[in-house]
Amino acid sequence: MKEPNNIALVTTDLRIGYGDIHVLEQLNLELHCGELVCLMGQNGTGKSTLLRTISGIQKSISGQITIGNLHLAKMDLNTIAKKISLVLTEKPSAGNLSVFD
């Protein structure tokens, strides 16, 4: 195990999915600063759902996500954006926004 102050992200008993459909359950994950992590799997196994949940775009069904020493559920979007960046393959639906927005 690495030093505690080197921990970038932790999930504890995380359950993700859509309503009654649970894609992943009891996910306990610990990622450390400076590590290169690869997330692989077949289509439909929950990779994008996990990334959307960890980045705060999608709410978890249950469990906890900690980024650094802050709980994701208690962070505002600006703070999350400073900690995590994410590029998904789906086109974002931003409709009716001005250039300023």
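Within the range 17-24, does at least one residue satisfy the condition of being without any contact (Cβ under 8 Å) to a residue 60 or more places away in the chain, part of a loop (DSSP other than H, G, I, E, B) and aromatic (Phe, Trp, Tyr)?
no
Please verify whether the range 42-65 includes one or more residues that are part of a loop (DSSP other than H, G, I, E, B), surrounded by 11 or more Cβ atoms within 10 Å (Cβ to Cβ) and in contact (Cβ under 8 Å) with a residue 60 or more places away in the chain.
no
Any chance the range 67-87 includes a residue that's touching a Leu at 6+ places or on another chain (Cβ under 8 Å), surrounded by 10 or more Cβ atoms within 10 Å (Cβ to Cβ), part of a strand (DSSP E or B) and at pLDDT below 95?
Within the range 67-87, one or more residues are touching a Leu at 6+ places or on another chain (Cβ under 8 Å), surrounded by 10 or more Cβ atoms within 10 Å (Cβ to Cβ), part of a strand (DSSP E or B) and at pLDDT below 95.
Using the structure shown, decide if LYS91 is free of Cβ contacts under 8 Å to residues at least 12 places away in the same chain and under 11 Å from the mean Cα position of the chain (by Cα).
no
Yes/no matrix, rows are residues, columns are (1) out of contact with any Gly (no Cβ under 6 Å at 6 or more places or on another chain); (2) over 23 Å from ASN78 (Cβ atoms); (3) at pLDDT below 90:
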site: MET1; (1), (2), (3): yes, yes, yes
site: THR11; (1), (2), (3): yes, no, no
site: GLY19; (1), (2), (3): yes, yes, yes
site: HIS22; (1), (2), (3): yes, yes, no
site: GLU25; (1), (2), (3): yes, yes, no
site: HIS32; (1), (2), (3): yes, yes, no
site: MET40; (1), (2), (3): yes, yes, no
site: THR49; (1), (2), (3): yes, yes, no
site: SER60; (1), (2), (3): yes, no, no
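So VAL37 ticks every box in (1) in contact (Cβ under 8 Å) with a residue 12 or more places away in the chain; (2) under 20 Å from LYS82 (Cα atoms); (3) aliphatic (A, V, I, L, M) but one. Which box is left unticked?
Unmet for VAL37, out of (1) in contact (Cβ under 8 Å) with a residue 12 or more places away in the chain; (2) under 20 Å from LYS82 (Cα atoms); (3) aliphatic (A, V, I, L, M): (1).
State all residues of the range 18-41 that are under 18 Å from THR89 (Cβ atoms) and open to solvent by less than 60 Å² (accessible area, probe 1.4 Å); if no residue qualifies, say none.
Scanning the range 18-41 gives VAL23, GLY41.
The values are calculated or read from the model by the stated rules, or taken from the named source; none is laboratory data. A quick note: this is a predicted structure, and the numbers were derived from the prediction, not measured. When we count neighbours, we look across all protein chains shown, and the Cβ atoms used for this are built from the backbone with ideal geometry, even at glycine. The area values use the complete protein model at the heavy-atom level, side chains included, leaving out ligands, DNA and RNA. Shrake-Rupley method; radii C 1.70, N 1.55, O 1.52, S 1.80 Å.
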